[in-house]
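First up is the structure itself, then whatever we jot down about it.
The values are calculated or read from the model by the stated rules, or taken from the named source; none is laboratory data. This one's a predicted model, so the numbers in the text were calculated from it and none came from an experiment. Because the Cβ atoms are built from the backbone with ideal geometry, glycine has one as well, and the counts that use them run over all protein chains shown.
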Amino acid sequence: MSSISIERLNSLFLRELAVIINRENKSEAISYYNLTEVRITRDLSYATVFYTILNDDPEIIKVAQANLEKINKQVRKDLASKVNNLRKMPELIFKYDEALAYGNKIDKILKSIE
């Protein structure tokens with residue numbers, strides 16, 4: 001598969017997964033998942049899905065990760081029904097995107113210096 005097709009597939013997965021995950025989410029602790037990026041391997045074996053949540057408390061992040069692992073199969077099934085022109089559906093791997101939390105930490109440090 002060419003890199004352009006992978007890029008388009010990354011974008012398509014990001015759009016579809018954002019809707020599916022937030023529809024399937026039944027957690028009281030996490031109101032919304034913001035998906036930041038999807039990276040699909042060239043052989044379509046894995047799709048790493050990066051996400052953030054509104055709360056950066058480590059315990060809440062663990063709950064969010066556990067919730068995503070719990071709904072993984074249903075999300076993958078729903079995604080397969082939306083993207084039906086693939087020969088195989090990649091395994092979904094969810095990872096918390098620490099870039100936003102890191103940026104907020106730097107911002108707090110800079111504000112404390114002023």
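Of all residues in region 12-40, those satisfying the criterion of being in a loop (DSSP other than H, G, I, E, B) and more than 19 Å from Lys77 (Cα to Cα) are Ser27, Glu28, Ala29, Ile30, Ser31, Tyr32.
Could you tell me which residue of region 23-71 is farthest from Ala101 (Cα to Cα), considering only residues that are among the small types (Gly, Ala, Ser) and out of contact with any helix residue (DSSP H, G or I) (no Cβ under 8 Å at 6 or more places or on another chain)? Lay out the reasoning, then the answer.
Of the residues in region 23-71, the ones among the small types (Gly, Ala, Ser) are 27, 29, 31, 45, 47, 64, 66.
From what is left, the residues that are out of contact with any helix residue (DSSP H, G or I) (no Cβ under 8 Å at 6 or more places or on another chain) are 31, 45, 64, 66.
Details: Ser31: 18, Ser45: 29, Ala64: 15, Ala66: 19 Å.
Filtering first and then ranking leaves Ser45.
Matching residues to (1) part of a helix (DSSP H, G or I); (2) touching a helix residue (DSSP H, G or I) at 6+ places or on another chain (Cβ under 6 Å); (3) among the basic types (Lys, Arg); (4) surrounded by 10 or more Cβ atoms within 10 Å (Cβ to Cβ):
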site	(1), (2), (3), (4)
Lys73	yes, no, yes, yes
Arg76	yes, no, yes, yes
Asn85	no, no, no, no
Leu92	no, yes, no, yes
Lys95	no, no, yes, yes
Tyr102	yes, no, no, yes
Lys105	yes, no, yes, yes
Ser112	yes, no, no, no
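Residue pairs whose Cβ atoms lie under 6 Å apart, separated by 6 or more positions or on different chains, with the first residue in region 10-25 and over 17 Å from Ile40 (Cα atoms) and the second of a type in the set (S, T, N, Q) and surrounded by fewer than 18 Cβ atoms within 10 Å (Cβ to Cβ), are Glu24/Gln74.
What number of residues within region 28-49 satisfy the criterion of being surrounded by fewer than 17 Cβ atoms within 10 Å (Cβ to Cβ) and either at pLDDT 95 or above or not charged (D, E, K, R) (or both)? Number satisfying all stated conditions: 12. Can you tell me how many residues within region 1-11 are modelled with pLDDT under 95 and either closer than 20 Å to Lys73 by Cα or in contact with a Cys (Cβ under 8 Å, 6 or more places away or on another chain) (or both)? Adding up the residues that qualify gives 1. Could you go through region 46-58 and let me know if any residue there is at positive phi and either outside any helix (DSSP H, G or I) or of a type in the set (Phe, Trp, Tyr) (or both). Checked against the condition, which is being at positive phi and either outside any helix (DSSP H, G or I) or of a type in the set (Phe, Trp, Tyr) (or both), region 46-58 yields no hits at all. Are any residues in region 57-69 closer than 19 Å to Phe13 by Cα and exposed (fewer than 13 other Cβ atoms within 10 Å of the Cβ), and if so, which ones? Scanning region 57-69 gives a single hit, Glu69. Taken over region 25-45, the criterion of being touching a Leu at 6+ places or on another chain (Cβ under 8 Å) and farther than 19 Å from Ala66 by Cβ is satisfied by Thr36, Glu37, Val38, Ile40, Leu44.
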